[in-house]
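Just so it is clear, none of the values below were taken in a lab; they were calculated from the coordinates. For clarity, every value in this text was computed on a predicted model and none was experimentally measured. Glycine gets a Cβ as well: all are built from the backbone with ideal geometry, and neighbour counts include every protein chain shown.
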Amino acid sequence: MTKPAFRKLKGYAFDPSFASTIDRRRTNEVIYKVRWEDTAPGPSGEYVEVIDYDPTRECFYDPVNLEENYVLADYGMLPSEGDPRFHQQQVYAVAMSVIEQFEKALGRKIIFSRLIEKGDEGRTEYHHEFVEKLRIYPHAMRQQNAFYSPDKVALLFGYFQAQGWWTGNNIPGSAIFTCLSPDIVAHEITHAILDSIHPYLRKDTNPDMPAFHEGFADIIALLQRFTFTSVVEEQIRLSRGDLLSPLNLLGDLAIQFGQSVSENRRALRSFLVENDKDGKIKLVQPDPNKYHTETEPHTRGGLLVAAVFDAFTRLYKFKVADLIRLASNGSGILAQGEIDPDLVKRLSQEACDIANKLMLICIRALDYCPPVDLTFGDFLRAMITADVEHNPDDEGGLRFVSFLR
């Protein structure tokens, strides 16, 4: 019997808080199309093994069996914050989706490994140890944290109680599970993949090295969201086609997490629009001067993300300019009210296509980066080199519009 090409699994596109409203529930609950593989309870497949041990409660949660008949028939477990089996399904679906993006871009299998350092008489030797599967722990700790452990070659996700204020869709005192945020899961699995491809980038030989890890993981997490057309269409409709509208959430990372730990915070990190100190929304302005002053890895990595998303928004404006002119009778200014559904679909198609191309370019650029002492400049030049090799004519003007001002 021929096996299906994909396994379809229900999951969240943003985070659980978005399912609290009727309008957003329809677009927040999506179907992940994961490349088919036979799995054991966990799930455990060829690439990852989900182990749901909760050290706080000192117990193992029952593993989800994706091969069970009723689970298969209904596209997996129903989205639920209270069912650990859905948590396991969510981390598996997101992790496998990101792995597939890397394999599509690089044209080869992703292989996880551990870098082992051995010192002998003042000399350090490095050995690469093959690791069959990446381990994922959905409830590894009761903390406001999630991280990739290079020593364990594992992803560890925490859960915690939200603070006592009302912010966005945040419910004060509710349980926040980082494993249910696709942004956080995609961010951490990107760390693991990057560490296996370029293990020496964890060495802090310059300020850009740790910052690149954080920035690159944010880029992949944000661009991964554009693989869901329905999500992009909703954001395009609400923002009337303007990616820099305060209503657009496509540039916000880990929204529920950010709102639950800090009052008046739009998200954990925002790269298109953000809240200022007074809670008012403003555009994110990429500032190259911060490159000389920012040293904290997440903040410094945000400069790289801002540069990529600045290129993304400029390319989007360039690509949809003709559509806006047609829809506005040549004025370039859309009429008040909701925009036409057909225009929403066309604008969303352009946004998704650009995001997909940028993601592939960013991933392919890894093969053109130096294995040690990487700088942001090295990576940006590697992006151009990777695209020149793949698309020498630049017929769509992607390089010209994105990287030249």
Are there GluC sites (Glu not before Pro) in the range 103-158 that DSSP puts in a loop and that have at most 11 other Cβ atoms within 10 Å, and which ones? E121, E132
Just order 90-100, 172-182, 319-329, 138-148 by mean Cβ neighbour count inside 10 Å, highest at the front, would you? 90-100, 172-182, 138-148, 319-329
Relative contact order (%) - criterion: Cα under 8 Å, at least six apart; region: the chain: 13 percent
Expressed as a whole number of Å, what is the distance separating the alpha-carbon centroids of the range 190-225 and the range 47-67? 27 Å
Dipole size in debye (nearest 20) for the range 293-394 around its Cα centre, Lys and Arg Cβ +1, Asp and Glu Cβ -1? 240 debye
Positive end of the charge dipole of the chain (Lys, Arg +1 and Asp, Glu -1 on Cβ, about the Cα centre): tell me which of S260, A5, I354 has its Cα farthest that way. I354
If we sort 242-251, 338-347 on the protection proxy, mean other Cβ atoms within 10 Å, highest first, what's the order? 242-251, 338-347
Counting other C-beta atoms within 10 Å, which of I136, I361 has the fewest, and how do the rest follow? I361, I136
Let's see if you can work this out: charge +1 on each Lys and Arg Cβ, -1 on each Asp and Glu Cβ, no other charges. What is the dipole magnitude of the range 226-403 about its Cα centre, in debye to the nearest 20? 360 debye
For the charge dipole of the range 26-183, defined by +1 on Lys and Arg C-beta atoms and -1 on Asp and Glu C-beta atoms about the Cα centroid, which residue among L72, P138, P41 has the Cα displaced farthest towards the positive pole? P138
How are the C-alpha pair distances of the range 177-295 spread across 5 Å bins, as whole percents from the shortest bin up? 2, 10, 16, 21, 20, 17, 9, 4, 1
Given charges of +1 on the Cβ of Lys and Arg and -1 on the Cβ of Asp and Glu, with all other atoms neutral, how large is the dipole of the chain about its Cα centre, in debye to the nearest 20? 800 debye
Percent of all alpha-carbon pairs of the range 226-403 at distances over 27 Å, whole number, is 34 percent
Note down the net charge around P246, summing +1 for each Lys or Arg and -1 for each Asp or Glu among other residues with Cβ under 13 Å from its Cβ. 0
Can you list residues from other chains, or at least 5 along the same chain, whose modelled amide H is less than 5 Å from the amide H of V131? F112, S113, R114
Span-rule helices in the chain, defined as complete DSSP H runs reaching 15 Å or more along the axis (Cα) with Kyte mean at least -0.5: 84-106, 182-197, 208-224, 297-327, 341-364, 376-390
Value of relative contact order over the range 6-197, rounded to a whole percent, pairs C-alpha under 8 Å and six or more apart: 21 percent
Starting from 0 in steps of 5 Å, tell me what percent of the Cα-Cα pairs of the range 6-197 lands in each bin. 1, 8, 15, 19, 19, 15, 10, 6, 3, 2, 1, 0, 0, 0
Relative contact order of the range 226-403 (C-alpha contacts under 8 Å, at least 6 apart) in percent is 20 percent
Please state, rounded to one decimal and in Å, the Kirkwood hydrodynamic radius that the chain gives when every pair of distinct Cα atoms enters the mean of 1/r. 22.2 Å
Given only helices, namely DSSP H runs of n ≥ 4 each adding -39500 (n - 2.57), what is the per-residue ellipticity at 222 nm of the chain, to the nearest 500 deg cm²/dmol? -13000 deg cm²/dmol
